[in-house]
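Report on one structure; see the data block that follows.
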Amino acid sequence: MRLFATQTSPYARKVRMVLMEKGIACDMEWVDLRASDHPALAHNPLGKVPVLLRNDGEPIYDSAVIVQFLEQFRPDPAIIPHDPEGRLRALRSEALSGGIMDATVAWVQEQRRSKDCQDQALLLRLRGKVVAGLTTLQQESAGWTHGRDLPVLPLQQIAAVAATAYVDLRAPDFLVQFPDLVAWLHSLHDRPSVAQTEPQ
Ligand SMILES: N[C@@H](CCC(=O)N[C@@H](CS)C(=O)NCC(=O)O)C(=O)O
């Protein structure tokens with residue numbers, strides 16, 4: 001299997017962490033998304049990463065679908081609960097972290113435009129989404145068994161690491177009001193799947 005990714009993509013980081021937590025070997029192909037003919041385009045018409053290329057040549061995207069595939073491919077150790085209610089909560093939490101990533105990515109893109117072209121109302125709206133998402137994520141995280149004490153990090157914690165660390169990388173000010181979430185993230189720092197997927 002081959003994963004097309006960038007070093008900083010939080011969506012790709014989620015998938016890389018799942019691969020590591022499950023012990024699945026996978027070749028990495030780092031992509032320069034600015035190139036007009038980057039290799040992920042051949043496998044995902046949307047040109048986004050991550051894309052997972054299965055051994056039979058079938059491409060899989062987006063990150064949430066890749067996670068589902070990996071859970072089927074290597075069911076043990078499981079990162080998603082088997083009971084329907086637990087599964088629903090895990091997938092909802094993954095979607096919440098995904099939404100935090102989406103809003104942060106959009107905020108970064110708007111922020112990179114020249115000052116006089118920036119849409120201040122949009123920036124505020126996106127910031128509001130990130131903060132609202134982090135508020136719920138911090139509340140959810142209070143009920144988690146700490147990942148430090150678990151042999152395998154569950155999906156909701158993997159997704160939360162990727163989302164929170166991405167906000168920390170691109171918009172650290174947004175995290176000031178979430179000390180518990182930041183402390184939780186830092187306490188997982190030594191876990192191999194966290195340490196080895198940190199943006200370079
Ligand atoms: N919903 C997608 C989002 C993937 C995504 O937006 N990836 C970004 C990198 S962080 C990307 O490839 N952007 C390039 C583009 O949109 O052309 C997923 O979960 O995989």
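Could you list the trypsin sites (Lys or Arg not before Pro) in the stretch 76-162 that lie in coil according to DSSP, counting only those with at most 11 other Cβ atoms within 10 Å of their Cβ?
Loop-located and lightly packed - Arg112, Arg113.
Tell me the accessible surface of Ser63 in square angstrom (1.4 angstrom probe, heavy atoms of protein chains only), to the nearest ten.
Around 10 Å² of this residue is reachable by solvent.
Would you work out if the stretch 84-191 is rounded, prolate or oblate? Take a ≥ b ≥ c from the square roots of the eigenvalues of the alpha-carbon gyration tensor; rounded if a/c is under 1.5, else prolate when a/b is larger than b/c, oblate otherwise.
Because a/c hits 1.5 or more and a/b exceeds b/c, the stretch 84-191 counts as prolate.
Please express the Cα-Cα pair-distance distribution P(r) of the chain as a list of whole percents, one per 5 Å bin, running from 0 to the bin with the greatest distance.
1, 7, 16, 19, 20, 17, 11, 6, 2, 0, 0
In nm, to one decimal, how far is the modelled label at Ala25 from the one at His146, with both set 7 Å along Cα→Cβ?
It works out to 3.5 nm between the two label points.
Karplus couplings for the stretch 46-60 from phi (6.51 cos²θ - 1.76 cosθ + 1.60, θ = phi - 60°), rounded to Hz, Gly and Pro as x?
7, x, 9, 10, x, 10, 9, 9, 5, 5, 8, x, 6, x, 10
Which of the three applies to the stretch 1-81, rounded, prolate or oblate, going by the alpha-carbon gyration tensor with a ≥ b ≥ c and a/c under 1.5 meaning rounded?
Prolate is the answer for the stretch 1-81, as a/c is 1.5 or above and a/b outweighs b/c.
How high is the relative contact order of the chain, in percent, counting Cα pairs under 8 Å that sit 6 or more residues apart?
It comes to 25 percent, rounded to a whole number.
Rounded to whole Hz and in sequence order, give me ³J(HN,Hα) for the stretch 175-182 from the Karplus expression 6.51 cos²θ - 1.76 cosθ + 1.60, θ = phi - 60°, writing x for Gly and Pro.
8, 4, 8, 10, x, 5, 5, 5
Below 13 angstrom from the Cβ of Val49, what's the summed charge of the other residues (Lys, Arg +1; Asp, Glu -1)?
Within the 13 Å Cβ shell, the charges total +3.
DSSP beta bridges in the chain, what fraction antiparallel, as a percent rounded to 5?
Close to 55 percent.
Given a 1.4 Å probe and every protein chain left where it sits, what share in percent of the accessible area of the stretch 2-73 is carbon and sulfur?
Result for the stretch 2-73: 51 percent of the exposed heavy-atom area is carbon or sulfur.
Short version: ³J(HN,Hα) in whole Hz for each residue of the stretch 110-122, in order, from phi by Karplus 6.51 cos²θ - 1.76 cosθ + 1.60 (θ = phi - 60°), x for Gly and Pro, what are they?
With coefficients 6.51, -1.76 and 1.60, one gets 5, 5, 7, 6, 4, 3, 6, 9, 5, 8, 5, 5, 5 Hz.
Keeping all protein chains in the complex and leaving out DNA, RNA and ligands, what accessible area do you get for Trp144 with a 1.4 Å probe, in Å² to the nearest 10?
Here the accessible area works out near 50 Å².
Count neighbours as other Cβ atoms within 10 Å of each site's Cβ, and list the trypsin sites (Lys or Arg not before Pro) in the stretch 1-79 that are DSSP loop with at most 13 such neighbours.
Those that pass, being in a loop and sparsely packed, are Arg34, Arg54.
Run the helix sum for the chain: -39,500 (n - 2.57) per DSSP H stretch of 4+ residues, divided by residue count, reported at 222 nm to the nearest 500 deg cm²/dmol.
Value at 222 nm, helices only: -17000 deg cm²/dmol.
What are the residues whose amide H is under 5 Å from the amide H of Met28, where those residues sit 5 or more places off or on another chain and H is modelled from the backbone?
Leu3
In whole angstrom, how far apart do the alpha carbon centroids of the stretch 106-150 and the stretch 1-75 sit?
First find each Cα centre; the distance between them is then 23 Å.
The values are calculated or read from the model by the stated rules, or taken from the named source; none is laboratory data. Source: prediction; values computed, not measured. Counting neighbours? That spans all protein chains shown, and the Cβs are built from the backbone with ideal geometry, glycine included. Surface accessibility is based on the protein's heavy atoms, side chains included, excluding ligands, DNA and RNA. Shrake-Rupley method; radii C 1.70, N 1.55, O 1.52, S 1.80 Å.
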